[in-house]
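*Asks:* One structure is given below, represented as structure tokens, and several questions about it will come after.
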Amino acid sequence: MSATGTCDYQAKDYKSDLKPIWCPGCGDYSVVQGIYRALAAIGRPPHEIAFVSGIGCSSRIPGYTTAYGFNSVHGRSLPIAQGIKLANPDLLVLAAGGDGDGFSIGGGHIAHLIRRNMDITYIVMDNQIYGLTKGQLSPTSQKGRVTCTSRYGSLEEPVNPLLYTLAYGAGFVAQASPTDLAGMASIIEEAIRYPGFAFVNIQSPCVTYGEEAQQIKGLKAIQETLASLGHNPADRLAAMDLAQHYGEKLHLGVFYRNPEPPPTYGDLVKERQALLSKDALPKERILDLFIKK
Amino acid sequence: MNTQGINFFNLSLMDALDLAILVEDEAEERYGEFAAQMDQHRTPDAATFFRYMVENEAKHGRELLARRVQRFGDAPRNVTRAMIFDVEAPDYDAARAFMSPRQAMEAALLSEMKAHAFFAAALPGIKDDEVRALFEELRDEELAHQKLVRAELAKLPKDSGLSDDDFVDEPAAQ
């Protein structure tokens with residue numbers, strides 16, 4: 001089936017033979033299931049999907065899918081995903097990683113993908129800790145959090161990923177959690193279908209270094225769907241207002257979906273190429289540009 | 001325990017059977033995931049128990065499917081997996097590295113109790129007599145499953161009284 005068509009794919013068709021080596025009970029197990037289901041709902045064949053990640057526990061995720069995958073460099077999943085999307089615009093491009101990968105070392109990249117409206121879905125598995133390196137403070141760790149790098153409690157306010165992306169003008173911002181797998185799959189599907197940069201923050205508990213309040217039971221106690229609050233996802237200011245409760249409440253659903261998505265960077269590039277190609281030299285005369293006659 | 005927003009009032013017997021099958025499918029799948037996690041982390045005793053649960057859930061699912069086919073043939077299903085979540089399947093974080101068989105069985109016991117609460121909570125909202133009878137049967141089966149797991153638990157040697165926290169190192173600077 002072509003890139004624009006759909007096939008009857010099942011979630012299992014996106015599951016690779018590689019066995020996840022996350023700690024038993026890790027929230028990322030449910031995230032990968034949510035991604036399988038979302039991809040099955042989209043129906044694109046695995047060879048038409050590129051999945052890029054950075055470094056960290058959650059960044060192992062592309063390997064557990066049958067899509068083309070690149071477990072790349074710490075914090076650099078987004079620039080690499082951007083390059084892939086521009087080189088082959090027909091690919092469905094996903095990027096994923098943890099909160100440290102996305103909002104610390106890679107934090108500077110998000111703004112640029114947002115302002116370009118790159119047609120990429122970025123999934124952050126936010127566990128508020130650096131798990132792979134054994135439990136150091138991460139950019140979303142709560143103030144006062146005791147870890148091996150903050151023995152007397154963190155002095156820093158956490159980054160708020162939802163406000164961060166909304167403030168830069170992301171056209172699609174949502175939050176999900178393993179406490180609602182079907183909801184998570186549907187949010188990821190919606191994010192993929194959004195024509196532009198889509199950000200999904202997933203509260204994915206770290207069972208080994210995470211705090212009790214951040215485990216499934218703790219999340220269930222504070223979760224509320226945005227739909228149940230009557231939130232209108234077209235209202236960006238209301239989304240920003242709700243996003244301020246990050247860390248206190250767990251709001252699940254779409255915070256903001258731009259009702260009139262601007263053109264993607266890929267669209268603009270295509271348009272520019274079409275415009276300039278009228279006066280462009282044929283390929284065999286390209287060197288004429290550099291050789292004085 | 002809530003009823004996950006399902007409107008049981010107008011539920012037909014076929015839909016109820018299909019939901020029950022999906023509940024078993026989900027539990028079978030989750031226990032399968034847990035068994036694979038335990039294998040991956042070299043915890044064979046817990047993996048064996050979770051595989052035993054996979055077989056139980058699969059068996060129960062097959063029995064329900066046979067009843068569904070006998071009564072309704074291959075009529076298209078109106079309910080989907082998206083309508084249920086974690087009814088009989090243990091929560092994702094119920095698995096732990098290096099679980100003992102006791103911990104694995106306790107996780108399963110909690111899940112059976114959760115499923116019992118689900119069917120019990122659904123009963124007052126059911127209008128159809130046949131659906132009510134099915135849900136009462138399913139609720140009671142969950143009690144029977146709890147007994148089975150408790151019996152397995154009773155076979156285990158006495159608990160040492162130690163908890164996971166007794167084996168955790170204090171955070172150390174890297």
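The values are calculated or read from the model by the stated rules, or taken from the named source; none is laboratory data. These numbers come from a predicted model, not from an experiment. Ideal geometry is used to build each Cβ from the backbone, glycine not excepted, and the neighbour counts take in all protein chains shown. Remember, those area values only see protein heavy atoms, side chains included, never the ligands or the DNA or RNA. Shrake-Rupley method; radii C 1.70, N 1.55, O 1.52, S 1.80 Å.
*Asks:* When region B:10-20 is examined, which residues are found to be in a helix (DSSP H, G or I) and surrounded by fewer than 20 Cβ atoms within 10 Å (Cβ to Cβ)?
*Replies:* Correct list: B:Leu13, B:Met14, B:Asp15.
*Asks:* Here is a follow-up. Take the conditions at pLDDT 95 or above, within 30 Å of A:Ser204 (Cα to Cα), out of contact with any Lys or Arg (no Cβ under 9 Å at 6 or more places or on another chain) and open to solvent by 80 Å² or more (accessible area, probe 1.4 Å) and apply them to B:Leu110. Does it pass?
*Replies:* When the stated conditions are applied, B:Leu110 passes them.
*Asks:* Taking A:Gln203 as the residue in question, decide whether it is more than 13 Å from the chain's Cα centre (by Cα) and either open to solvent by less than 40 Å² (accessible area, probe 1.4 Å) or more than 13 Å from chain B (Cβ to nearest Cβ) (or both).
*Replies:* The answer is no for A:Gln203.
*Asks:* Based on what the data block shows, is A:Gly102 within 20 Å of A:Tyr209 (Cβ to Cβ), modelled with pLDDT of 95 or more and outside any helix (DSSP H, G or I)?
*Replies:* For A:Gly102, the condition - within 20 Å of A:Tyr209 (Cβ to Cβ), modelled with pLDDT of 95 or more and outside any helix (DSSP H, G or I) - is not met.
*Asks:* Take the residues of region A:149-174 that are surrounded by fewer than 21 Cβ atoms within 10 Å (Cβ to Cβ) and touching a strand residue (DSSP E or B) at 6+ places or on another chain (Cβ under 6 Å): which is farthest from A:Asp101 (Cα to Cα)?
*Replies:* The residue in question is A:Thr149.
*Asks:* Here is a further query. Being among the aliphatic types (A, V, I, L, M) and at the interface with another protein chain (Cβ under 9 Å from one of its Cβ atoms) is the filter; apply it to region B:7-46 and report the residue that is farthest from A:Gly27 (Cα to Cα).
*Replies:* If we take residues in region B:7-46 being among the aliphatic types (A, V, I, L, M) and at the interface with another protein chain (Cβ under 9 Å from one of its Cβ atoms), then B:Ala46 is farthest from A:Gly27 (Cα to Cα).
*Asks:* For region A:225-254, give me each residue that is part of a strand (DSSP E or B) and either within 30 Å of A:Asn88 (Cα to Cα) or open to solvent by 80 Å² or more (accessible area, probe 1.4 Å) (or both).
*Replies:* Those that are part of a strand (DSSP E or B) and either within 30 Å of A:Asn88 (Cα to Cα) or open to solvent by 80 Å² or more (accessible area, probe 1.4 Å) (or both): A:Lys249, A:Val254.
*Asks:* Output the number of the condition that A:Gly75 fails; it satisfies all remaining conditions of (1) at negative phi; (2) surrounded by fewer than 24 Cβ atoms within 10 Å (Cβ to Cβ); (3) in contact with a helix residue (DSSP H, G or I) (Cβ under 9 Å, 6 or more places away or on another chain).
*Replies:* If we test A:Gly75 against (1) at negative phi; (2) surrounded by fewer than 24 Cβ atoms within 10 Å (Cβ to Cβ); (3) in contact with a helix residue (DSSP H, G or I) (Cβ under 9 Å, 6 or more places away or on another chain), just (1) comes out false.
*Asks:* I would also like to ask the following. Hey, does region A:44-59 have a residue that's open to solvent by 60 Å² or more (accessible area, probe 1.4 Å) and farther than 20 Å from A:Pro205 by Cα?
*Replies:* yes
*Asks:* Could I ask something else about it? A:Ser141 versus (1) open to solvent by 10 Å² or more (accessible area, probe 1.4 Å); (2) out of contact with any strand residue (DSSP E or B) (no Cβ under 6 Å at 6 or more places or on another chain); (3) within 14 Å of chain B (Cβ to nearest Cβ): which is the lone unmet condition?
*Replies:* The number of the failed condition is (1).
*Asks:* Which residue out of A:Leu181, A:Leu113 is closer than 30 Å to B:Thr80 by Cβ and open to solvent by less than 10 Å² (accessible area, probe 1.4 Å)?
*Replies:* Matching residue, one of A:Leu181, A:Leu113: A:Leu181.
*Asks:* Residue by residue through region A:149-205, note down the ones that are of a type in the set (Phe, Trp, Tyr) and either assigned to a loop (DSSP other than H, G, I, E, B) or within 17 Å of A:Ala81 (Cβ to Cβ) (or both).
*Replies:* Once the filter is applied, which keeps residues that are of a type in the set (Phe, Trp, Tyr) and either assigned to a loop (DSSP other than H, G, I, E, B) or within 17 Å of A:Ala81 (Cβ to Cβ) (or both), region A:149-205 yields A:Tyr152, A:Tyr168, A:Phe172, A:Tyr194, A:Phe197, A:Phe199.
*Asks:* Out of the residues in region B:57-81 that are surrounded by fewer than 16 Cβ atoms within 10 Å (Cβ to Cβ) and under 16 Å from the mean Cα position of the chain (by Cα), which is farthest from the other protein chains (Cβ to nearest Cβ)?
*Replies:* By that ranking, first place goes to B:Glu63.
*Asks:* Considering each residue of region A:30-40, count those that are of a type in the set (Phe, Trp, Tyr) and at the interface with chain B (Cβ under 7 Å from one of its Cβ atoms), and give that number.
*Replies:* Final tally of qualifying residues: 0.
*Asks:* Suppose we filter A:Gly27, A:Gly106 for residues that are within 14 Å of chain B (Cβ to nearest Cβ), under 27 Å from A:Leu137 (Cβ atoms) and of a type in the set (Gly, Ala, Ser); which single one remains?
*Replies:* A:Gly27
*Asks:* If I ask for residues that are over 15 Å from B:Gly32 (Cβ atoms), open to solvent by less than 20 Å² (accessible area, probe 1.4 Å) and facing another protein chain (nearest Cβ under 8 Å), which ones from region B:87-102 would you list?
*Replies:* Once the filter is applied, which keeps residues that are over 15 Å from B:Gly32 (Cβ atoms), open to solvent by less than 20 Å² (accessible area, probe 1.4 Å) and facing another protein chain (nearest Cβ under 8 Å), region B:87-102 yields only B:Met99.
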